[in-house]
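Readers should treat all values here as calculations from the given coordinates under stated rules, not as data from a laboratory. Given the structure is predicted, the values throughout are model-derived calculations rather than measurements. Because the Cβ atoms are built from the backbone with ideal geometry, glycine has one as well, and the counts that use them run over all protein chains shown.
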Amino acid sequence: MKLRRYTIVEACEEAGVEQGFVVECLRAHWVVPAYPAEAELDELDLARLRLIATLKEDLGVNDEAVPVILHLVDQLRVG
């Protein structure tokens, strides 16, 4: 299954987040672009951005807890 590719600007619009938020997630390696050479994200990356936004904005999760939660989510997906 081929997933759609998004530029960072398109990803912001699609995920409903600010560009600074996406940059923060990329710098923290919470989101690793599916296509790093082109700095493009796919639909799975967008879902991860939405999850992080929900964790931080709606649930009040701090930056130290985000990678822990993401790791647990990744373990569920693999298992």
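If only the Cβ of Lys and Arg carry +1 and only the Cβ of Asp and Glu carry -1, the dipole of segment 9-61 around its Cα centre is close to 320 debye.
Starting from 0.36 nm per residue, how many nanometres of slack lie between LEU76 and LEU59 once their C-alpha separation is accounted for? Let's see the in-between values first.
On the way: separation 17, 0.36 × 17 = 6.12 nm, distance 2.01 nm.
Gain in length upon complete extension: 4.1 nm.
Suppose R0 equals 25 Å; then what is the FRET efficiency for VAL23 and ILE69 from their Cβ-Cβ distance, rounded to the nearest 0.05? Each step should come with its number before you reach the end.
Details: r = 20 Å, r/R0 = 0.80.
Taking R0 as 25 Å, the efficiency between VAL23 and ILE69 is 0.80.
Between the Cα long axis of helix 66-78 and the first principal axis of the chain there is an angle of about 70°, rounded to the nearest 10.
Per residue of the chain, what 222 nm ellipticity follows from adding -39500 (n - 2.57) for every DSSP H run with n ≥ 4, rounded to the nearest 500? That calculation yields -15500 deg cm²/dmol at 222 nm. Under the definition of Cα pairs under 8 Å and six or more residues apart, what whole-number percent is the relative contact order of the chain? Reported as a whole number, the value is 28 percent. When Rg and the Kirkwood radius Rh are both evaluated on Cα atoms of the chain, their ratio Rg/Rh stands at 0.95.
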